[in-house]
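Written out below as structure tokens is the structure these notes cover.
The values are calculated or read from the model by the stated rules, or taken from the named source; none is laboratory data. From a predicted model like this one, the values you see are computed outputs, not experimental measurements. Counting neighbours? That spans all protein chains shown, and the Cβs are built from the backbone with ideal geometry, glycine included. The area values use the complete protein model at the heavy-atom level, side chains included, leaving out ligands, DNA and RNA. Shrake-Rupley method; radii C 1.70, N 1.55, O 1.52, S 1.80 Å.
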Amino acid sequence: AGRPPITAAQGGRPTTVLQVALSLLGISLLGSWLFLAVVHVDDRYNIGWVEGSRMALAKSAGSGDLFPPLYDGHRYGGTRFMPVPILLHAGVAHFTDEYLISGKILAYVSTGLLLGLSFVVLRRMGLRAPAAAALTGGILATRPGLLAATTVQGDSLSVLFQVGAMLSIGSSRERRSTLLAAGLCTLAIASKLSAVWAPLAIFVWLLIRDRRRVLPFLGALVLLL
């Protein structure tokens, strides 16, 4: 009691131990996900009826019919899913000639990009690399995060686009960053209909920080949608 805390500038051992521990935590979480991704790339791990319907939609899109009719006289179709993940899945399946591994590859790539972008955002917020790595790995430690990172879904894509939109709107006051944010928000909503938290967050942030960009952002977003 009464002693000042040891800071990083003083090179104290507790700080060093904490940085090492955070680094190991981040590396362990990332390594665990990569291990699961490799082991389960071609099996039914985290595959259920939702993923089966997404694979069926990707197959239909590959045949030229993005959204099959609700009922064609023989079978039921239709969907509540948005088109971007379906089209990307169909595009990857064009090269793999199947719909299970291709869907997981899409999930792996989108999750990897999301993790990388999250790390960049945390670093720009002033966190050291070990802390940023641990928090980024924390995405994979949650049930929704691990599910999105290992199954045939497009949830990582919608989050990736939204984080990118918020990074864009805060990185520059130029018009192109505003238009880029609106475009990324559009892609997010076209990936998942409930992906509206980034547009709302950007709207509130602009009202507080830069009201001149509110109308250009909203106008571009509505036009693109």
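What about Val41, is it open to solvent by less than 80 Å² (accessible area, probe 1.4 Å), within 21 Å of Thr111 (Cβ to Cβ) and assigned to a loop (DSSP other than H, G, I, E, B)? Considered against the rule, which asks whether it is open to solvent by less than 80 Å² (accessible area, probe 1.4 Å), within 21 Å of Thr111 (Cβ to Cβ) and assigned to a loop (DSSP other than H, G, I, E, B), Val41 comes out as yes.
Condition check ((1) under 27 Å from Leu100 (Cβ atoms); (2) free of Cβ contacts under 8 Å to residues at least 12 places away in the same chain; (3) not charged (D, E, K, R)) across all residues:
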position	(1), (2), (3)
Thr136	no, no, yes
Leu146	yes, no, yes
Val152	yes, no, yes
Val159	yes, no, yes
Arg212	no, yes, no
Ala220	no, no, yes
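Residues being surrounded by 12 or more Cβ atoms within 10 Å (Cβ to Cβ) and touching a strand residue (DSSP E or B) at 6+ places or on another chain (Cβ under 9 Å): count how many of those fall in the range 70-105. The total comes to 1. Determine whether the range 61-69 contains at least one residue that is on the phi < 0 side of the Ramachandran plot, part of a helix (DSSP H, G or I), of a type in the set (Gly, Ala, Ser) and open to solvent by less than 40 Å² (accessible area, probe 1.4 Å). The answer is yes, given that some residue of the range 61-69 is on the phi < 0 side of the Ramachandran plot, part of a helix (DSSP H, G or I), of a type in the set (Gly, Ala, Ser) and open to solvent by less than 40 Å² (accessible area, probe 1.4 Å).
Residue count for the range 69-92, restricted to those that are within 26 Å of Cys185 (Cα to Cα) and of a type outside the set (D, E, K, R): 14. Restricting the range 106-154 to residues that are assigned to a loop (DSSP other than H, G, I, E, B) and buried (at least 17 other Cβ atoms within 10 Å of the Cβ), the residue that is nearest to the chain's Cα centre (by Cα) is Gly154.
Residue-by-condition table, conditions (1) open to solvent by 20 Å² or more (accessible area, probe 1.4 Å); (2) within 22 Å of the chain's Cα centre (by Cα); (3) at pLDDT below 95; (4) closer than 23 Å to Gly116 by Cα:
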{"residue": "Val159", "(1), (2), (3), (4)": "yes, yes, no, yes"}
{"residue": "Gly170", "(1), (2), (3), (4)": "yes, yes, yes, yes"}
{"residue": "Glu174", "(1), (2), (3), (4)": "yes, no, yes, no"}
{"residue": "Ala181", "(1), (2), (3), (4)": "no, yes, no, yes"}
{"residue": "Ile189", "(1), (2), (3), (4)": "yes, yes, no, yes"}
{"residue": "Leu193", "(1), (2), (3), (4)": "yes, yes, yes, no"}
{"residue": "Pro199", "(1), (2), (3), (4)": "no, yes, no, yes"}
{"residue": "Phe203", "(1), (2), (3), (4)": "yes, yes, no, no"}
{"residue": "Leu218", "(1), (2), (3), (4)": "yes, no, no, no"}
